[in-house]
Each structure stands twice: as C-alpha cells, then as structure tokens.
Amino acid sequence: MENKKHFYTWKNFESDVKKLTSALKHKKFDGIWGPARGGLPIAVCLSHALDLPFLEKSKSEKTLIVDDIADTGKTLEPFFKKGHTIATIFYHHQSRFEPHIWLREKKDEWIVFPWEKT
C-alpha cells in the first residue's frame, strides 16, 4: 500500500508563519534556532517577523526552538527537556512530547514541504 502524501504549500507556510508570529510575539526570547533542514525556513522567517537573532545554536532555555514537525519528537526532545519553548507547524500524536505551540495535526500521510524535492 502506497503512503498518502499531503502537499503543504508556500501559501500554507506564509499563513502559518503569521499565526506563529501572533502566538509568539508577546513572549521573551534571546534568539531563535531551528534544526537543519526543516526548521531552517521557519526559523529564518520567524527571526525576521519577531525581530530575533537567528542563532547557530541554542544559547539558553530562553532560545525559541522551531521545526516543521514534531513527528517522533526525537530531534526536539532534548530541547524540550531543557525547558525551551518549542513551536512547530505540525504535531503527530506519536511524538515523545507535545510542542508548546503547534498549528496542524499530522495524520498518517507523508507531508511534502515546499522546500523539499518531491
């Protein structure tokens, strides 16, 4: 059986960055970081929108950590355990933790982001 695909568009992304900006604009962070590769587009856009420095690595628990998806949670779990605020576009219920802010629930389809090769 072939996995179903969900094509997430640039238009979806632009709308979701605005939603994340709105949800995060009143919080205090020392910067923003996102893991390569899926977290980078979000981190860069939110860095500009929230006027936060884009960091090469987390400085402290006050660094905002962002990613495209918390699927298994393995990538982001160490930051969650250290007390960072975690924001993602997608969250899957199988993740090891639930991000503080997430916008869309991932079902069982494969998500194809616009910055990925299809």
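Each reported figure results from applying straightforward, stated rules to the coordinates on display, with no laboratory input. The structure displayed is predicted, hence computed values, not measured ones.
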If one builds a Gaussian network model of the chain from Cα atoms under 10 Å apart, the most fluctuating residue listed among Lys19, Lys11, Lys59 is Lys11
For Gly38, other-chain or 5+-apart residues with amide H closer than 5 Å (H placed, Pro excluded) are none
Listed by chain and number, the lysines with an alpha carbon less than 17 angstrom from that of Lys4, same-chain partners under 8 positions apart left out, are Lys106, Lys107, Lys117
Summing -39500 (n - 2.57) over every DSSP H run of at least 4 in the chain, dividing by its residue total and rounding to the nearest 500, the 222 nm mean residue ellipticity is -8000 deg cm²/dmol
With bins of 10 Å, the percent of all Cα-Cα pairs of the chain per bin from 0 is 14, 49, 31, 6, 1
Whole-Hz Karplus couplings 3J(HN,Hα) for the range 39-50, θ = phi - 60° and coefficients 6.51, -1.76, 1.60, Gly and Pro as x, run x, 5, x, 5, 4, 5, 4, 5, 4, 5, 5, 9
